[in-house]
Amino acid sequence: MTASTYSSKHFLKKGDILFARTGGTVGKTYYYDGSIGKAVFAGYCIRFRFDQKKVIPKFVYWNTKTKRYANWVNGIQRPSGQPNINKEEYKSFEIVLPDLEKQKEFICLLDNAEKCRNKKTQQADDLFSRVDSILLSTLGLKFPEFNSKLTSAVHLSDVKADKTFGTGYYHPERMSVISTLENSGILYKKLDDVVNFMRETIISENNPQNYIGLAGVEADTGELSGINENATGQAFLYKENDVLYGRLRPYLNKVLLAEKNGICSTEFHVMRVKHTKELLPEYLATVMRSKLIVSQTKHMMTGNTHPRISNDDVKNLYIPIPDITIQQKITTEVLATQKKARQLKIKAEHDWQAAIEQFEKNLLGE
């Protein structure tokens, strides 16, 4: 839809707060400050607009980040079917309302705390993004450039070997990555040659512990997101040191090295290294998160609404396999970098929660 599709009443104004009314995000809030430009809100949200002579909207928003608000949401939502809270119920949430000057003081303190958290989080993300450069520099590879072109010539033998034929599959970017590996002097192989794809299923309702859904894995970082999804229907079994690779929208780059046994969504490919003396699971996870893989998979997806990489196509991904000592060097540096990044994120969240708790105590006069 275009902006002209909506009437003026649909557009957000600075100071509006959106409350999610249903589903897995019920109770979550968003403060519209106008920085993203003209915007409308989704049907699963309820918009509240405030009399700014009596209350500063940002003060209300910060109240929705407190433990008191979280407890209220958990207590009032209806769990039958999809969790939901209606508009009248949201109106019933009570807040302590000091004078406007005091509200400004609270807002300033939490705005500053949020800036500190965002700064530390960005520093952590910058560290996570170093993984590619660590991998490529240690392998002595330069990420290839490619020229876009309308036509390409391919060998029939290549088509037969890959079992797939399509314009995207032989996109110049994907082919340039493969060509770089071919000319690198480093041993490289298809995934199917070095890992087993595990597809042992189980009914997940009977085994809710250690379940990992796609939302439970962060994009790009290889970290757990902390989002716990309900386990429904079939799931795959995985073991410690298996690599879980998200098949839905692979450009999101959701890759996890399993630290213990568990079950996961069938939207993961579960990969188990065949010979750990030739290929380290930690190294495999690092490579699978790299641009070397993303530049292949984003041209191998099928489906428009929910693009995936198929079981056959993921087997045809090419990965470099250097000497085991090089793999160890890469994984040691990557793990050290990830540890620093993880500590920064933990520190950022700890400081933020402390600021919210102090806000709540000061507000309630504790």
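The values are calculated or read from the model by the stated rules, or taken from the named source; none is laboratory data. Predicted, not measured: the structure shown is a model, and the values here were computed from it. Quick reminder, even Gly has a Cβ in these numbers, built from the backbone with ideal geometry, and neighbours come from all protein chains shown. When the accessible area is computed, the model is the full protein with side chains, heavy atoms only, and any ligands, DNA or RNA have been set aside. Shrake-Rupley method; radii C 1.70, N 1.55, O 1.52, S 1.80 Å.
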For the pair Lys339/Ile186, report the inter-label distance in nm, with labels modelled 7 Å from Cα in the Cβ direction. 2.3 nm
Applying 1/(1 + (r/R0)^6) with R0 = 25 Å to the Cβ-Cβ distance of Glu101 and Gln353, what FRET efficiency is obtained, to the nearest 0.05? 0.45
Under a Cβ-Cβ cut-off of 10 Å, what is the net charge of the residues other than Pro307 that fall near it, where Lys and Arg count +1 and Asp and Glu count -1? +4
Where the centre of each part is set by its Cα atoms, how far does region 1-75 sit from region 258-281, in angstrom? 41 Å
Holding the Cα-Cα limit at 29 Å, pick out from Lys28/Lys102; Lys67/Lys239; Lys120/Lys190; Lys119/Lys260; Lys189/Lys347 the pairs that are longer than that. Lys67/Lys239; Lys120/Lys190; Lys119/Lys260; Lys189/Lys347
Quick check for you: with a 1.4 Å probe and neighbouring chains kept, what is the accessible area per residue of the chain, in Å²? 56 Å²
What accessible area, in Å² to the nearest ten, does a 1.4 Å probe give for Tyr169? 10 Å²
Share of accessible surface on carbon and sulfur in region 218-366, whole %, 1.4 Å probe and ligands ignored, is 47 percent
Rounded, prolate or oblate (a/c below 1.5 giving rounded, otherwise prolate when a/b exceeds b/c) for region 74-144 by Cα gyration tensor: oblate
So how far, in whole Å, is the C-alpha centre of region 283-327 from the one of region 85-138? 33 Å
What is region 46-90 by shape, rounded, prolate or oblate, if you read a ≥ b ≥ c off the alpha carbon gyration tensor as root eigenvalues and call it rounded for a/c under 1.5, prolate for a/b larger than b/c, and oblate otherwise? oblate
Which whole-number percent is the relative contact order of region 200-334 (Cα, under 8 Å, 6+ apart)? 23 percent
In units of 2.2 N^0.38 Å, what is the alpha-carbon radius of gyration of region 276-366? 1.72
Going out from 0 in 10 Å bins, what whole percent of all Cα-Cα distances in region 239-315 drops into each bin? 19, 52, 26, 3, 0
Report the FRET efficiency, 1/(1 + (r/R0)^6), for Glu200 and Asp220, where r is their Cβ-Cβ distance and R0 is 30 Å, rounded to 0.05. 0.60
May I ask you to rank Ile202, Ile212 by accessible area, largest first, using a 1.4 Å probe over the protein chains only? Ile202, Ile212
Cα coordinate range in the chain, projected on the principal axes (Å, largest first): 74, 46, 44
Please report, to one decimal in angstroms, the Kirkwood hydrodynamic radius of region 180-257 built from all distinct Cα-Cα pairs. 14.5 Å
In the full protein assembly as shown, how much of Lys28 is accessible to a 1.4 Å probe, in Å² to the nearest 10? 130 Å²
For Cα pairs less than 8 Å apart in space and 6+ apart in sequence, what is the mean separation divided by the residue count of region 287-366, i.e. the relative contact order in percent? 18 percent
Note the direction-averaged projected area, equal to a quarter of the hull surface, for the Cα convex hull of region 76-116, in nm². 4.7 nm²
Suppose R0 equals 45 Å. What FRET efficiency, 1/(1 + (r/R0)^6) with r the Cβ-Cβ distance, do Arg130 and Tyr30 give to the nearest 0.05? 0.90
Order by accessible surface, 1.4 Å probe, largest leading, for residues Met271, Met198 comes to Met198, Met271
For the chain, calculate the relative contact order in percent as a whole number, restricting contacts to Cα pairs under 8 Å that are 6 or more residues apart. 17 percent
